[in-house]
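Any read-out appearing in this document is the output of simple, stated calculations on the displayed coordinates, not a laboratory observation. Quick caveat, the model's predicted, so the values are computed rather than measured. Heads up, the Cβs are rebuilt from the backbone with ideal geometry, glycines too, and the neighbour counts pull from every protein chain shown.
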Amino acid sequence: MKRSNDQKGSGTGLFNESSSSEIVVLHDTGGNRWLRPVSKKKAVAAIAPAVILIVFIFFSFSLVIMLPAGWINVSNNENARLIKTTTCPRNYTYSSTSWSSLINPSRPAVSNTTTTVSTCPSYFRWIHEDLGHWKESGITKEMVERAQRTAHFRLVIVEGKAYVKKYRKSLQSRDMFSIWGILQLLRFYPGRLPDLELMFDCNDRPVVRMRDFRAPNPRPPPLFRYCSDRWSMDIVFPDWSFWGWAECNIKPWKNVLADIKEGNNRTKWKDRVPYAYWRGNPYVAPTRRDLLKCNVSQKNDWNTRIYIQSWEEEKKQGYKKSNLEDQCTHRYKIYTEGWAWSVSEKYILACDSMALYIKSRYHDFYIRGMQPLQHYWPIRENTKCTSLKFAVDWGNNHTHQAEAMGKEASKFIEEEMKMEYVYDYMFHLLNEYAKLFKYKPTIPAGAEELSAQAMLCQVTGTWRNFMVESMVNSPSDSIPCSLPPNDPQAISQLHHKRDSSIRQVEFWENEYWQKQSKPK
């Protein structure tokens, strides 16, 4: 058996394909083989045939049982590397119940764990707001069916098993990694989610407008997507990139967060470049093209350093200039929306730099838990150049406050946005959603039962690497955090605090430019 190439970023990735029958061989970091191939004749000759047969049967049985059960960690780590597997046989089937029934004894099922419950982060309370449109009417089969108009897939959970029916292909691999993420949730909390059915739209902008459902008994269709706005009713769900964005070579969230944290430690805040940094594709939206006007030029210096990102060129050059951990070198980082909300938001906020957050229309699931002047500095959208210049001048004259703001944002991202809380948010959102059902979901005709192992067999290269890296290998050893109760007054106070902070910054900015315009 030949040793396969598992170099990161190669076409084969962590897996290689063969037409032979499936066998997984693990090597430790020293190169020692756990299962020696029969080609080593001298070693075989030294061992009695009966012993070889017993050892072979024992290890083969162990691998068949332990790999799907999650007892063998198939992620790329220091202790072991997955060297070889095969493509899925034509008759490949895998029941999702097999995994949940074979739980690692060292990681007991949730029902056998400690009853100590942590309180969920504050942004979880928005779950009640997002689902509030169906509080009175509940959710009927007819409502769900109407959401199919723009949905990319229908996901159904019945008796702990997940089924999917696809309607159209999404941009890039958004649909695949979103489905993968939901499968990992079922592995993280096996058997805990009730039966439910949902439609998922993988496009950027929300489509369920409040203005279209103002009549008595409006019955809006429940539609899940990655972002929404104050005028829409789309239900916000974590985006695909938490499990990896293969097309841009951005690793799963748990790994990239650790990388950014390491990058933060390379340069102290006071030693960073004292300007505002942005790198991205400016051609996806007018607001980004407008940002290019704020770049440094012979005529103006708005305290910004803006760079155009071409992902096609990056791909050709091996993504050498797009490592997120290498972009925490400036005191200030600019966030601006793209066609809708931008995936870049969480990476910018994690960077220890003071985030200069250009006024946004769209929100994802967690940003509503962050506050201006505490986690970021608000920037006007219609006069962004002058607003950015003032923000940088203010920060360089109030370095302790500016540094503290950046630290507060990265602390929020590291502690309240860790992957365990992402799964908790998904769990509570789906659990509360299912409580609204007025019917019992059933498996639709044409739907396929989902299996993490089967999905892995259908992809190669970076896509498979990221799936392996983000795979949940054993159930959580704790129960989900405690969901904050529905509190409309608390939500109202958060809105008031946010608006008040923005007005304060705008007052300071107006005062600053008035002084600049006075003759010296």
By per-residue mean of other Cβ atoms within 10 Å, what is the highest-first order of 264-274, 349-359? 349-359, 264-274
Could you give the dipole magnitude of region 347-454 about its Cα centre, charging the beta-carbon of Lys and Arg +1 and that of Asp and Glu -1, in debye to the nearest 20? 540
Ranked output for segments 290-298, 241-249 by mean other Cβ atoms within 10 Å, highest leading, reads 241-249, 290-298
Net charge, Ser118 excluded, C-beta distance under 14 Å - Lys, Arg +1, Asp, Glu -1: -4
Residues of type aspartates and glutamates that Lys418 reaches as a straight line, Cα spacing below 20 Å, ignoring anything fewer than 8 places off in the same chain: Asp239, Asp259, Glu262, Glu325, Glu345, Asp352, Asp364, Glu408, Glu469, Asp477
Once you charge only the Cβ atoms, +1 for Lys and Arg and -1 for Asp and Glu, what is the size of the charge dipole of region 229-289 about its Cα centre, to the nearest 20 debye? 400
Return the subset of Lys438/Lys497; Lys333/Lys435; Lys165/Lys435; Lys384/Lys407; Lys135/Lys384; Lys268/Lys321 for which the Cα-Cα distance in this structure is over 31 Å, preserving the input order. Lys438/Lys497; Lys333/Lys435; Lys135/Lys384
Check the straight Cα-Cα distances from Lys315 and name the aspartates and glutamates below 13 Å, setting aside those fewer than 8 residues away within the same chain. Glu247
I want the local charge near Phe153. Using Cβ-Cβ distances under 11 Å, sum +1 for each Lys or Arg and -1 for each Asp or Glu among the other residues. +3
Mind ordering 155-167, 210-222, 370-382 by average Cβ neighbours within 10 Å, highest first? 370-382, 155-167, 210-222
Using label points projected 7 Å from each Cα along Cα→Cβ, tell me how many nm separate Ser478 and Arg361, to one decimal. 3.9
Length released on extending from Lys316 to Thr140, taking residue separation times 0.36 nm less the Cα-Cα span: 58.5 nm
Which whole-angstrom value gives the distance between the alpha carbon centres of region 222-283 and region 362-395? 16
Set of aspartates and glutamates near Lys440 by C-alpha distance (under 16 Å), chain-local residues within fewer than 8 positions excluded: Glu142, Glu145, Glu159, Asp195, Glu197, Glu432
Of Lys254/Lys316; Lys299/Lys411; Lys299/Lys518, pairs whose Cα-Cα distance is over 28 Å: Lys299/Lys411
